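Q: One structure, as structure tokens, below. Some questions next.
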Amino acid sequence: MNDNNAAQPSVLKIPADDLHAYVCAIWEQAGSAPREAQLVADHLLAANLTGHDSHGVGMIPRYVASLGDDELKLNLHAEVLRDAGAVLTIEGNKGFGQVVAFEAMERGIERAKQLGICAVGLRGAHHIGRIGHWAEQCARAGLVSFHFVNVAGDPLVAPFGGTDRRIGTNPFCAAYPRTGKPPLVLDFATSAVAFGKVRVAYNKGKQVPPGSLINHAGEPTLEPKVMLEEPVGSLLPFGGHKGFGLAAMCEIFGGAVSGGFTTHADTLGTNSAIINCMLSVIINPAAFDAPNAEAEAQAFVDWVKDSPLAAGTQHIQEPGEPERVTRAEREAHGVPIDLTTWQQIGDAARAVGMPAEQVERWAGNLR
Ligand code: NAD
């Protein structure tokens, strides 16, 4: 237990397989077909296992709320609106992002293997969660990929030089597969900190790092309450004008090029759920005349890892390494879930019709 008080832990450690089974049971109870429930559970558990709890099982209450608002539709599939060979336009129809993004990647992977490259524009998906999951799907097939995503119509981030919320936390992700080694996976929100991390700081009564937030007047602040209490402030993009620029390209490539929508006055707040649009470019590295590509990539990784360490650094990590370390630890010792989140997941299970005694049985058995 991750707590000093063994009698009343504030954080549970739940075996990943058990938690996965509970998540499947919740979504099957809600009406998902078994495959859908499984894909959702696979994704949420992988987010927790890799340390991104903000995109893990704690999202279930939010998804159940979206279901109640008819903003999340069960048992839908990726719909190919246009097949232009190496360019696919796919509609998500507010289906589970965990299903429609998986199917969109399946199609893109198949096409990239045939043609060497495929650009997939996926639009109108309910929350597609941790984007690294989709890059890893491509990497398992031996394919390079990069992904530009917008959080359509739900701004939390101020533009560089601006003072109010205009952009989503728009994630960017890229992955490079390696033979006999895990892929390199770069995957981050373009805000200085993820919104979920601001909420955690707020709940713990802590401040956020400098350069993360501005208040409603556009002044820098360390107080997370500006994201959760009126008058609301904004997150800042990471890396000043550079992060802002990348966030803008995620918005345009993800939201506009895909045929989806971007955030502006006409789309602001048009959906209560999180709607994502994603432009994925999937490439077969074997299609290049580049027999030394893997050796060159690895030589570079070894080279940077050999840099003399800065004070306080144990070793230099490659993109995706922190997630692998966390995964190994959590697979061995369980997924930490705080009691509030655990309670909220139980409430969500009851809200989709799981009998109270069944929820108790799951919750009791998993503690
Ligand atoms: P983060 O700040 O934890 O950065 C993660 C990335 O940085 C990973 O690639 C990781 O391997 C790398 N990294 C972290 N520490 C490192 C170190 N010390 N050395 C080398 N590399 C290191 O991520 P974040 O911005 O908090 O984003 C969290 C997740 O939220 C992502 O998976 C993202 O896809 C997801 N997200 C999703 C949405 C959505 O709408 N679907 C929106 C925003 C973010």
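The values are calculated or read from the model by the stated rules, or taken from the named source; none is laboratory data. On a predicted model such as this, the values are computed, not experimentally measured, just so you know. Note that we place each Cβ from the backbone using ideal geometry, even for glycine, and neighbour counts take in every protein chain shown. Keep in mind that these areas ignore ligands, DNA and RNA; they rest on the heavy atoms of the full protein, side chains included. Shrake-Rupley method; radii C 1.70, N 1.55, O 1.52, S 1.80 Å.
Q: Is it possible to state the helix-based mean residue ellipticity at 222 nm for the chain, with each DSSP H run of 4+ residues giving -39500 (n - 2.57), the sum divided by total residues, to the nearest 500 deg cm²/dmol? What is it?
A: Helices in the chain give a 222 nm mean residue ellipticity of -12000 deg cm²/dmol.
Q: Now for a separate question. In whole Å, what are the extents of the chain along the principal axes defined by its C-alpha atoms, from largest to smallest?
A: 60, 47, 47
Q: Compute the relative contact order of the chain as a whole-number percentage, counting only Cα pairs closer than 8 Å that sit 6 or more residues apart in sequence. Please list the in-between numbers first.
A: On the way: 751 pairs, mean separation 82.2, N = 367.
Value for the chain: 22 percent.
Q: What is the packing order of peptides 305-312, 213-220, taking the mean over residues of other C-beta atoms within 10 Å and listing the highest first?
A: Ranked by mean Cβ neighbours within 10 Å, highest first: 213-220, 305-312.
Q: OK, next. What is the Cα centroid distance between the stretch 38-52 and the stretch 168-208, reported in whole angstrom?
A: One Cα centre to the other: 14 Å.
Q: Also, quick follow-up: With no solvent and one equal point scatterer per Cα, compute the Debye intensity ratio I(q)/I(0) for the stretch 57-151 at 0.18, 0.20 Å⁻¹ and report its log10, rounded to two decimals.
A: -0.79, -0.94
Q: Taking the stretch 1-122, how much of its Cα-Cα pair set, in percent, is spaced more than 16 angstrom apart?
A: 67
Q: Stretch Asp83-Arg361 to full length: gain in nm at 0.36 nm per residue minus the Cα-Cα span?
A: On the way: separation 278, 0.36 × 278 = 100.08 nm, distance 4.73 nm.
Full-extension gain reported as 95.3 nm.
Q: Between the stretch 275-322 and the stretch 98-116, how far is it from one alpha carbon centroid to the other, in angstrom?
A: Answer, in whole Å: 22.
Q: While we're looking at this one, here's another question. Any chance you could list P(r) for the stretch 233-310, counting all Cα-Cα pairs in 5 angstrom bins from zero, rounded to whole %?
A: Pairs per bin, as whole percents: 3, 11, 11, 14, 13, 14, 13, 9, 7, 5, 0.
Q: Carbon and sulfur atoms: what percent of the 1.4 Å accessible area of the stretch 192-284 do they account for? Can you show the working numbers first?
A: Values: 2720 of 4490 Å².
Of the solvent-accessible surface of the stretch 192-284, carbon and sulfur hold 61 percent.
Q: Pop out the carbon and sulfur fraction of the accessible area of the stretch 1-117 as a percent, whole number, probe 1.4 Å.
A: On the way: 2330 of 4950 Å².
Here it works out to 47 percent.
Q: Based on Cα positions only, what radius of gyration and what Dmax would you give for the stretch 249-367, in angstroms?
A: Every Cα atom of the stretch 249-367 included, Rg and Dmax give 23.0, 61 Å.
Q: Which order do the peptides 316-322, 14-20 come out in when sorted by mean C-beta neighbours inside 10 angstrom, highest first?
A: Top of the packing list down: 14-20, 316-322.
Q: Continuing with this model, one more query. Between Arg62 and Glu219, with labels modelled 7 Å along Cα→Cβ, what's the label distance in nm to one decimal, could you check?
A: The two pseudo-label positions are separated by 3.0 nm.
Q: When the scattering of the stretch 184-245 is computed by the Debye formula from its Cα atoms alone, each counted once and equally, what is log10 I(q)/I(0) at q = 0.14, 0.17, 0.21, 0.24 Å⁻¹?
A: Debye output, listed in q order: -0.38, -0.54, -0.78, -0.97.
Q: If I model a spin label at Thr313 and Val11 as a point 7 Å from the Cα along the Cα→Cβ vector, what separation in nanometres do I get?
A: Once both label points are built, they end up 2.6 nm from each other.
Q: Something else now. What relative contact order, as a whole-number percentage, does the stretch 173-258 give when Cα pairs under 8 Å and 6 or more residues apart are counted?
A: It rounds to 23 percent for the stretch 173-258.
Q: Which of the peptides 339-345, 143-149, 228-234 is most tightly packed, and how do the rest follow, judged by the mean count of other Cβ atoms within 10 Å per residue?
A: On the way: 339-345: 16.4, 143-149: 25.6, 228-234: 14.9.
Put in order of decreasing packing, that is 143-149, 339-345, 228-234.
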